[in-house]
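Report on one structure; see the data block that follows.
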Amino acid sequence: MNQTSRIKWSDKIIWLVFSLALGWPVHGSAWGLEAHRIVGLLADQHLLPEVRKRIKQNFNITSLANVANWADRVKDKRSQGPWHYANVLKGEMTYVQARDCADGKCVVEKVREFSEALSKSTSSHQDQLEALKYLVHFVGDLHQPLHLGNRKDRGGNKIQVKLRGRKTNLHALWDSGFVNIDDDNLLQYARRLARRVLPTDHLEWVRSDIVDWANESRKHALISAYDKEIMSTGVLTKAYIQRAREVIELRLSQAGVRLAHLLNSRLN
Ligand SMILES: [Zn+2]
């Protein structure tokens, strides 16, 4: 996928506001970089101690953030681009495998497949290691709303929009156009997100399944990303940007909590 995104918030909002006001190019690493690392850092904090120890001992991984972008690095070489998203038929509210991912080569089915491979006793050590690295990445991708975008517009890639006079597309914006986070601040940022997760949210989030995660992304895509006004004018508003930030922070938090829960149940 070249469908990515991440958010930056509190202190960096100031940076964003200034950037927008001055018309600076607002860029940053894709969801494939910073956001995936944030999901890994968040999940680190929710791993059971024995699972964390197993991941270190069996796979020599000290932080999930360190392997969070491996899947993006190998995707071209392995022709795995479609594994990172699931495009849905325009007008449909939910993901349906038979219609949207009949060949199983999309992010929803890959999360399912690698979850099983991770805990299967017949999987080789190498297969388990790869399954773990794919999961760290794909659980993040699955939570990015435009990874469950419309097939017709390629998840927003074909929708042109303007940000302070600069032409871009909707997908690129949700990838990396809203906020920038310095690498040095990623851990701090992840900890701040983690502190905001209420126990009741945590409980509710881990009760859901993989298709629920996909359908949540689909809902956020339809309600927030494919905003009617933005679609008709192509011009982003402050309200749109603010809402996008809130959605992305929520999705990063949910992805981190759910990734940890999945690994806790598969590796314990
Ligand atoms: Zn990806």
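The values are calculated or read from the model by the stated rules, or taken from the named source; none is laboratory data. If you're wondering where the values come from, they're calculated on a predicted model, not measured in any experiment. Cβ atoms come from the backbone with ideal geometry, glycine included; neighbour counts cover every protein chain shown. Heads up: the accessible areas ignore ligands, DNA and RNA and are worked out on the full protein's heavy atoms, side chains in. Shrake-Rupley method; radii C 1.70, N 1.55, O 1.52, S 1.80 Å.
Criterion applied to V111, V67 was being within 15 Å of the ligand (Cβ to nearest atom), under 19 Å from W213 (Cα atoms) and either crowded, with 20+ Cβ neighbours inside 10 Å or at pLDDT 95 or above (or both), and the one residue passing it is V111. The condition of being under 18 Å from R266 (Cα atoms), away from the ligand (no atom under 13 Å from the Cβ), at pLDDT 95 or above and surrounded by fewer than 20 Cβ atoms within 10 Å (Cβ to Cβ) holds for only one of R99, R54, that being R54. Which residue, of G104, G165, G140, is of a type outside the set (A, V, I, L, M, F, W, C) and buried (at least 24 other Cβ atoms within 10 Å of the Cβ)? Every option except G140 fails the conditions. The set of residues in segment 184-205 that are assigned to a helix (DSSP H, G or I), open to solvent by 30 Å² or more (accessible area, probe 1.4 Å) and either over 16 Å from V39 (Cα atoms) or of a type outside the set (D, E) (or both) comprises N185, L187, Q188, R191, R192, R195, P199, T200, D201, H202, L203, E204.
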